[in-house]
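J.: Sharing a structure below in structure tokens format, with a few things to ask.
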Amino acid sequence: MPRKRNQGLEYFPLDVNVFEDPKLEALHYRFGPIGVMVYIHILVLVYKNGYYIEMSLDELTLAIHRRIGPKWIKFQRVYDMILGCAKQSLIHQDLMLQGVITSKSIQEQFIMSTQKRHNIDTDKYWLLDQQLKLKNGVLLSMPKNEEKPPEIEENRPKNDDFTNLGTQSKSKSKRKKDKEDKLDKSVYGEPKTHFLTNLIFKNNLETNEGFILKYNEMLEEVIEMFGYDAALSGVNYLIKYFRHTQEPIDDPYNYIKTSLHKNLEDLKKRNERGKLSIEDMFKDLIQKMD
């Protein structure tokens, strides 16, 4: 039996105007040149495999962190930069959270780079519509007795960018609600807890499992504002504080949300005046409680 041909690319072009792309500009503005380097490493990993690669967020972070090296960047910083790529739609966020790295732009470049190939397999995680495939003259594999491209798996969210949403606002609203419902289930599970959310529940700061999704969303916002390292340090500080004081809390969610934001804002201001990082400041606070 002949060996299955690798779908990966040996090289891919980099447009001379790449740094004028608003998405890449936004990534560079927030994370600097290493943020752009992280994105290029993502492209290399994906194109070596084809138009997608199945890796969890932690696995992708570890792979890129090893390539760049711990001397130059922290693991959590790489993690934040990958999330930044997803926020700018440089990679598909819903699929990323399910352990699949790809995007529309990645797939468009892939089909342009494989025009001379025959029977390209696009059965999985395909985001582009049939018209774009035909425009680029690519002969793509199709399941037998099918006249349209295969549907993306039912257990992941639909992408509104490549579906025909129609013109009626009622239909749009229903599809949006359906998408949000699917996102809650497919991205986080039913429900799956964020790592920091798990710390909060594991240490009994919160016991109402109906709040898991609210904590997931709130903690993602905190990470977006202050970074993963600071958010983790803030949660660890609250855990230590509650163990030390053992004070009862009537409304844990709002108390934790308010405390995190207030503490991180205060320490951010102190950090701007001093030399210690927010993480080091939290460490000092925790040591004083011991």
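The values are calculated or read from the model by the stated rules, or taken from the named source; none is laboratory data. Please read all numbers here as calculations on a predicted model, not as lab measurements. So basically every Cβ, Gly included, is an ideal-geometry build from the backbone, and we count neighbours across all protein chains shown. For accessibility, only protein heavy atoms count, side chains too; no ligands or nucleic acids. Shrake-Rupley method; radii C 1.70, N 1.55, O 1.52, S 1.80 Å.
J.: Please go through the residue pairs Lys23/Lys116; Lys23/Lys74; Lys23/Lys257; Lys74/Lys214; Lys202/Lys269 and name each one whose alpha carbons sit more than 26 Å apart in this structure.
T.: Table pairs above 26 Å Cα-Cα are Lys23/Lys116; Lys23/Lys257; Lys74/Lys214; Lys202/Lys269.
J.: Provide the gained length on full extension for the span Glu20 to Gln115, in nm with one decimal, where the gain is 0.36 nm per separating residue minus the Cα-Cα distance.
T.: Roughly 31.5 nm would be gained on extension.
J.: Given axes a ≥ b ≥ c from the Cα gyration tensor, I'd like to know whether the stretch 47-104 is rounded (a/c under 1.5), prolate (a/b larger than b/c) or oblate.
T.: prolate
J.: Rolling a 1.4 Å sphere over the protein heavy atoms, what is the accessible area per residue of the stretch 12-128, to the nearest Å²?
T.: I get 50 Å² per residue for this part.
J.: In nm, give the distance between the simple-model label positions of His244 and Asp58, each being 7 Å from the Cα along the Cα-to-Cβ direction.
T.: Between His244 and Asp58, the simple spin-label model gives 2.9 nm.
J.: Enumerate the amide H contacts of Tyr52 below 5 Å, restricted to partners 5 or more residues apart or on another chain; note that Pro and chain-start residues carry no placed amide H.
T.: Here the answer is none, since no amide H 5 or more places off falls under 5 Å of that of Tyr52.
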